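Note sheet for the following structure.
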Amino acid sequence: MNITQGTRQRQATGFVIARRANIIKILTCAHIIEDVYTKDKHDVTLQELNAAFTFDVLCVHQERRILATPSPMPTSRRLRSLTNAMVVAIDTSKDLLVLQVNADDILLSNSQTCICEHAPINIALAPPRIREKVMLLGWPPQRSESITEGCVSYLKRTYDAVCDIDFNVKGHTMRLMEVSGLVCGHGYSGGPLLNNEMEFVGTYHGTIEMKGYAVSLGDIRRFLAQFEVLTGGWPAANQRGNVMSLKSQMIPNSHSMVQ
């Protein structure tokens with residue numbers, strides 16, 4: 001993930017996977033906080049994460065409104081109103097993280113909350129087929145609702161099969177879906193890969209040797225089951241979902257996680 005010059009801020013894409021009443025859960029990548037874990041240390045707790053970082057969400061409806069409003073300011077300089085979220089599930093070895101936010105707190109502007117529907121994206125029942133086309137939704141900086149396509153070339157690569165063992169400095173153990181054509185820059189990480197039914201079949205991990213890789217559907221399903229993200233009254237709705245822009249930033253003077 002890109003680190004903004006002079007700050008400890010990082011940006012990623014996230015998407016709604018569950019909603020119950022006003023509580024929304026958002027899936028994204030764990031490497032948005034990669035500074036705090038290593039190959040030999042994956043035992044960071046939710047309490048530590050929420051104490052050491054701020055996690056902020058930018059709603060796509062707000063971004064649409066900003067871009068539709070005439071302004072002399074460059075797009076990157078226009079004021080965004082961020083909504084605070086908290087981590088409720090994480091597996092750093094699988095590069096998966098779930099944030100939770102109250103729908104009533106999501107901002108449309110500095111003085112107005114968003115009343116638009118924030119619908120979940122359904123999880124697919126089965127992985128895509130080899131040579132099937134998939135679509136990646138991402139939110140790189142200032143480019144909301146970016147879309148790129150690729151072709152699935154392999155479903156379950158091991159990390160040591162796609163890069164030298166010394167490159168895996170974070171000790172990732174997930175299986176990777178290999179997708180030709182998905183060579184994307186920072187900000188796309190955590191975005192959903194969608195099949196023809198608009199169901200998500202993976203979350204974007206990154207580019208390795210000019211090929212795109214996503215966390216496999218099997219690893220995502222096991223992660224969501226382990227942390228009961230979609231159980232106990234958390235069904236995904238059968239409608240088109242929302243993509244979010246996410247930012248994390250280390251809180252000053254909070255160093256308990258990096259010692």
- line: Within the stretch 163-180, the residues that are out of contact with any Cys (no Cβ under 6 Å at 6 or more places or on another chain) and modelled with pLDDT of 85 or more are 170, 172, 173, 174, 175, 176, 177, 178, 179
statement: Only one of 85, 51 is assigned to a strand (DSSP E or B), among the small types (Gly, Ala, Ser) and touching a residue at least 40 places away in the same chain (Cβ under 8 Å), namely 85
message: I'm told residue 101 meets every condition in (1) touching a residue at least 24 places away in the same chain (Cβ under 8 Å); (2) among the hydrophobic types (A, V, I, L, M, F, W, C); (3) assigned to a loop (DSSP other than H, G, I, E, B) except one. Can you identify the failing condition by its number?
response: (3)
statement: For the stretch 168-187 the number of residues that are free of Cβ contacts under 8 Å to residues at least 40 places away in the same chain and either touching a helix residue (DSSP H, G or I) at 6+ places or on another chain (Cβ under 9 Å) or more than 26 Å from residue 243 (Cα to Cα) (or both) is 1
- request: Hey, can you tell me all the residues within the stretch 195-215 that are within 14 Å of the chain's Cα centre (by Cα) and within 16 Å of residue 17 (Cα to Cα)?
  value: 200, 201, 202, 203, 204, 215
- prompt: Across the stretch 204-239, which residue is surrounded by the most Cβ atoms within 10 Å (Cβ to Cβ) among those that are at pLDDT below 85 and of a type outside the set (A, V, I, L, M)?
  reply: 234
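Conditions tested, residue by residue: (1) over 15 Å from the mean Cα position of the chain (by Cα); (2) at pLDDT 95 or above.
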residue: 79; (1), (2): yes, no
residue: 82; (1), (2): yes, no
residue: 94; (1), (2): no, yes
residue: 97; (1), (2): no, yes
residue: 114; (1), (2): yes, no
residue: 117; (1), (2): yes, no
residue: 128; (1), (2): yes, yes
residue: 133; (1), (2): yes, yes
residue: 139; (1), (2): no, no
statement: Over the stretch 104-120, the set of residues free of Cβ contacts under 8 Å to residues at least 24 places away in the same chain, surrounded by 11 or more Cβ atoms within 10 Å (Cβ to Cβ) and polar (S, T, N, Q) is 112, 113
- prompt: Residues in the stretch 1-31 that are among the basic types (Lys, Arg), modelled with pLDDT of 90 or more and in contact with a Leu (Cβ under 9 Å, 6 or more places away or on another chain): how many?
  reply: 1
field: Subset of the stretch 124-143 [buried (at least 19 other Cβ atoms within 10 Å of the Cβ) and touching a Phe, Trp or Tyr at 6+ places or on another chain (Cβ under 9 Å)]
entry: 124, 136, 137, 138, 139, 140
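The values are calculated or read from the model by the stated rules, or taken from the named source; none is laboratory data. Values in this document were obtained by computation on a predicted structure and should not be read as measured data. A quick note on method: Cβ atoms are made from the backbone with ideal geometry, for glycine too, and the neighbour counts reach across all protein chains shown.
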